[in-house]
Amino acid sequence: MDWSFGTLPDGWQVGFASTTPGGIAQGSTSSVTVSLLVGAGASPGPGETLSIIVEAQTLDGTKQLQKVAELGIVVLPSLWVTFDTESRVEVPQGSPLSGNLSVTNSGNIACDVQLSVASPDGLEVVLDSESLELMAVGETRTISYTLSSDNLRGLQVVTFSGTPTALSGESAAVTNESTTLEVTVTGDGQADGLAGILESLGLPQWTVAIFALLFVALVGFAVLSLRRVNMNVENAMPPSSGEILASQEVRREAALDIGVTNDDQMSGAVSADELAAALAQSQPQLALPPLPGTQAPTPAGLPPGLPPSPAPVPEGLPPELPSMAPPLPPGGLPAGWTMEQWNHYGREYLERTGQA
């Protein structure tokens with residue numbers, strides 16, 4: 001079963017207030033509820049007819065049928081007044097502001113309207129007229145109003161409403177509607193900047209301190225996070241070649257420093273035997289030439305021409321080989337030096353001290 005409605009006048013709305021049955025058994029009964037909203041200004045009394053169309057077919061699809069049910073509509077007398085105005089305005093403190101309120105008779109009988117205003121204490125609303133007489137069906141009238149406040153601040157709400165009364169004194173259904181106006185009362189110049197903005201939103205001035213504390217906390221957290229990230233990056237980076245060379249240069253200058261500092265540690269006296277042993281360890285171990293009476297090894301290959309005459313055999317021990325390390329100063333190793341440092345930087349030390 002399929003359910004639908006016929007054509008209705010403009011502004012009328014119709015629908016099912018209950019679930020429509022999709023099927024019905026043979027010999028059974030089912031009912032539905034229809035909701036109808038009559039358009040504004042519809043004349044009272046009998047008038048339009050609402051058509052409800054039902055299309056059905058048997059389960060095997062062999063038979064289709066269509067039925068149309070017509071409902072007669074009787075429109076009752078109704079009193080219905082609607083209002084319209086701006087949604088939001090700003091009123092400077094101590095400076096009145098004017099506006100307009102539109103009142104429309106949306107019912108279907110003529111009426112009088114008694115207007116009313118609801119506003120917070122401290123916000124004064126003055127209407128040019130508080131009553132409207134002999135409003136015809138569909139008629140719209142405009143009423144001026146004035147808003148003013150001397151001590152309020154922030155967002156306030158004003159509600160406009162009215163009570164219609166039938167001219168003929170007959171009973172009628174009454175529909176009361178209203179409209180609201182958001183009024184933002186701004187300062188008189190005493191509070192500007194953020195405080196003025198907050199007060200214009202209806203917030204007290206002490207909320208400025210809360211926003212300031214939150215801002216400082218966010219900035220501090222961001223600075224600490226950035227510093228922590230930079231420290232992690234610096235620790236993760238390997239030393240550069242310039243840093244390595246600078247470190248080596250510092251160690252070299254410290255080794256060649258002949259001045260006396262507060263943290264110098266003086267070594268004890270060095271004996272001649274210790275100096276000789278240190279020199280012997282620093283000199284390369286060279287093989288001695290063959291002793292007299294021994295035969296020199298035969299060189300590989302034959303020289304061109306006649307062989308040279310045998311070299312004279314040296315007598316006694318060979319002369320002392322020159323030392324590769326710089327000679328020690330008369331006072332021995334400088335204080336705090338090692339032989340390894342002396343082998344590398346001793347010659348420069350002698351040149352700086354004028355002992356070379």
Q. With +1 on each Lys and Arg Cβ and -1 on each Asp and Glu Cβ, how big is the dipole of region 79-200 about its Cα centre, in debye rounded to the nearest 20?
A. 180 debye
Q: Taking the Cβ of each residue in 78, 171 as the centre, tally the other Cβ atoms inside 10 Å and list the residues starting with the fewest.
A: 171, 78
Q) Among 40-53, 95-108, how do they line up from the highest to the lowest mean number of other beta-carbon atoms within 10 Å? A) 95-108, 40-53
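Treat the count of other C-beta atoms within 10 Å as a stand-in for reagent exposure and order 342, 3 from fewest to most. Show your work: numbers first, answer last.
Details: 342 21, 3 15.
Ranking 342, 3 by Cβ neighbours within 10 Å, fewest first, gives 3, 342.
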Q: Quickly rank 215-226, 130-141, 152-163 as a protection proxy: mean count of other C-beta atoms within 10 Å, highest first.
A: 152-163, 130-141, 215-226
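Quick one: net charge of residue 133's neighbours, Cβ under 13 Å, K/R +1, D/E -1? Before the final figure, lay out the partial values.
On the way: positive: 141; negative: 112, 130, 139.
Here the count lands on -2.
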Q) Going by a ≥ b ≥ c, the root eigenvalues of the Cα gyration tensor, does region 10-71 fall in the rounded group (a/c under 1.5), the prolate group (a/b larger than b/c) or the oblate group? A) prolate
(Q) Contact order normalised by length for region 79-200, with contacts defined as Cα pairs under 8 Å and 6 or more residues apart; what percent is it? (A) 35 percent
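Here, each number is a calculation from the coordinates, and none is a lab measurement. What you see is a predicted model, and the numbers here were worked out from it, not measured in a lab. We place every Cβ from the backbone using ideal geometry, glycine too, and count neighbours over all the protein chains shown.
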